[in-house]
Amino acid sequence: MSIPSRRSAVALAALTALLAAGCSDGPDRPRPAPSAPAPSSAAPAPTAADPAARAAALVATLSDEDLVGQVLMPYAYGSSATEVSAGSAAGNRALAGVDTPAEMVAKYRLGGVILVGFSADDPTSGNQETTNVDSPKQVRALTDGLRAAAGKLPAGAAPFLVGTDQEYGVVTRVTDGVTQLPSPLAAGAAGNPALTEAAWRAAGAELAAMGINLDFAPVADVLATRSTVIGSRSFGATPATASPQVAGAVRGLQAEGVGAAVKHFPGHGLTAADSHTDLPVVGQSRAVLDRTAFPPFRAGIDAGAMAVMSAHLNVKAVDPGTPATFSRKLLTDVLRGQLGFQGVVITDGMNMAPAKKWSPGEAAVRALNAGNDLILMTPNVGQAYDGLRAALKDGSLSRARLVEAVTRVLTMKFRLAGHPQPALSTLAGAEHRKAAVDLAAAAVTVLRGRCGGAVAGPIRVTSSGGRDRTRAALTEALTAAGVKVVSSGGTVVHLVGYGDGAKDLRADAAVTVAMDTPYVLSGAKSPTVLATYSSTPASMTALAAVLAGKARPTGRSPVPVSGLPATTCKA
């Protein structure tokens, strides 16, 4: 039974470990029990500059029920915290036995909520069962409402976590009314961490303005295979390319008060399979993992990343048969022990197929015991909550492990607390747009053809199916650059993007442009082939400048393309 004196004693032990050693060597590392329960007044007085002390002091006041809620970060149905449609209410009742997101926060004393949404060409859409995103103004009202509900909880002194997957490129939850950065692969092609940091700092300010303080990004996976689920979400095919970009993105986000969660540890880019539907096998040796997969995660950690997301991967060289999300060997021995990570470990979505092997309650317990601190997107909030409480009672989850997890979560929350929230008027401002355009411009790559020089006009823009908005964006940018664009005849500039293959190429195109991974260019017959790796307005502006002869395509392909060089431009 939980009593205040016992809570204080355990919290004090957690605080001592955190401050003396930075963090424990592992979530279940035994700690000496106090000889007698310490009075609640024994907890040290926290200071505003000491998030760990504030976290431990708050933990000392929390009941078991409050502690359990702090490690849960589900999704919810509805674009408002308190007013939802009948369909959203039905979804919330099935998920958590409540009608609204605010009621879910209150009933389960949640530590956070993830906002989900749909975007075109999104390889993660399989586990996005609802959407919370209509516009930045709506998102801000939703996050304000969630925080109002969380502020009434016993843990309300710590900022409520609102997270989302704003990776940019194909996985971008908030797309309208914000500055859209080019994809991570574009940043890898640009090869300039300072530009990446500036762009992601703009992104962090805009997320913060909407009330989002945790971004499940950047992707630290090295694209060692031609994975369609990772693809342009990665910064590149080598750790030398990816690592500095991961670090730049982390620094940019966190400079604006948005926690970065590097993902998907230990490295989803080493397999082409999709963990949303299967348990992918990572068959590489431990030496390959150390040399290839781990360095970008280490770079993110060294840059101060507050969180790391674990992945549903079967890493045969370390813990064969056990998804990494549930592997103590990977999360405790490798991530914390070898890589030295001291922050919050977050599961990938627990509504994905490999995690649904167990009931929501058992899966949550297994994930915490492996070393995760936050349980993301459980398929049933009530069952996960009840399962964790039952595990505390029967001893299958130690209270010390739960306290440790919550102390880490609250420490992160208090680290985020000191940043003022920007106004919504900062969204898509000139300075932010410039940061995106600068990064996109540095990414444009010529893999065949002359290094620069105007394409003979007039130009006709064509594309594979379903890319009307992108064609319109390039047409507008070309016109602004002084290039005549025609609807028939002319020099054909053909655009291909996510999911396209040889059938989507055009034999008569003078220029073929890849707006996602550039592998498709190996089959293009065009005398000039370019890559932007992204179809954002910034990328189309940058492409137009190259086609108009006003800029040189200085990027280098961050992944190998059969039969083509990384660039035909000399440094």
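The values are calculated or read from the model by the stated rules, or taken from the named source; none is laboratory data. Model, not experiment: these values are computed from the prediction. Cβ sites come from the backbone with ideal geometry, for glycine too, and all protein chains shown count toward neighbours. For accessibility, only protein heavy atoms count, side chains too; no ligands or nucleic acids. Shrake-Rupley method; radii C 1.70, N 1.55, O 1.52, S 1.80 Å.
Sorting 536-543, 547-554, 321-328, 415-422 by average packing, meaning the other beta carbons within 10 Å per residue, from highest down gives 536-543, 321-328, 547-554, 415-422.
The calculated P(r) of segment 502-571, using every Cα pair and 10 Å bins from 0, goes 20, 56, 24, 0 in percent. Taking all C-alpha pairs of segment 414-504, those more than 15 Å from each other amount to 75 percent. Size of segment 253-358 from its Cα atoms: along the principal axes, largest to smallest, the extents are 37, 31, 23 Å. With only Cα atoms counted, segment 338-389 has Rg and Dmax values of 11.1, 35 Å. The length gained by stretching the chain between V288 and D302 to full extension, at 0.36 nm per residue less their Cα-Cα distance, is 3.0 nm. Placing a pseudo-label 7 Å from each Cα along the Cα-to-Cβ vector at A353 and A317 gives an inter-label distance of 2.5 nm. For segment 140-205, averaging the sequence separation of C-alpha pairs within contact (under 8 Å, six or more residues apart) and dividing by the residue count gives a relative contact order of 20 percent. Computing FRET efficiency as 1/(1 + (r/R0)^6) for T568 and A456, where r is the C-beta to C-beta distance and R0 is 22 Å, gives about 0.75. Close amide H contacts of T462 (hydrogens built in the peptide plane, cut-off under 5 Å, sequence separation of 5 or more or a different chain): V493, H494, L495. Note: relative contact order over the chain, using C-alpha pairs below 8 Å and six or more positions apart, is 15 percent.
With a sphere of radius 13 Å drawn around the Cβ of N213, what net charge do the other residues whose Cβ falls strictly inside it have (Lys, Arg +1; Asp, Glu -1)? My count for the surroundings of N213 gives 0. Give the Debye-formula value of log10 I(q)/I(0) at each listed q (0.13, 0.14, 0.16, 0.18 Å⁻¹), with one equal scatterer per alpha carbon of segment 321-435, two decimals each. For segment 321-435 at q = 0.13, 0.14, 0.16, 0.18 Å⁻¹, log10 I(q)/I(0) is -0.60, -0.67, -0.79, -0.91. P(r) tail for segment 358-494, what percent of Cα pairs lie past 17 Å? Beyond 17 Å sits 76 percent of the P(r) for segment 358-494.
In the chain, the ratio of gyration radius to Kirkwood radius, Rg to Rh, stands at 1.00 when only Cα atoms are counted.
Based only on Cα atoms, what mean projected area does the convex hull of segment 190-264 have, in nm²? Spell out each step's value before the answer.
On the way: hull surface 18.6 nm².
Mean projected area for segment 190-264: 4.6 nm², to one decimal.
Using only the alpha carbon atoms of segment 422-571, find the Kirkwood hydrodynamic radius as the inverse mean reciprocal pair distance, in angstroms to one decimal. Kirkwood hydrodynamic radius for segment 422-571: 15.3 Å. Its DSSP H runs of at least 4 residues, each contributing -39,500 (n - 2.57), put the calculated 222 nm mean residue ellipticity of the chain at -11000 deg cm²/dmol, to the nearest 500.
Each residue was assigned an accessible area with a 1.4 Å probe, and for D333 the value is about 90 Å².
For a label point 7 Å from the Cα of V486 along Cα→C-beta, name the residues of segment 544-568 whose backbone N is under 18 Å from it. The answer is 548, whose backbone nitrogens lie closer than 18 Å to the label point. The length gained by stretching the chain between R552 and S396 to full extension, at 0.36 nm per residue less their Cα-Cα distance, is 50.1 nm.
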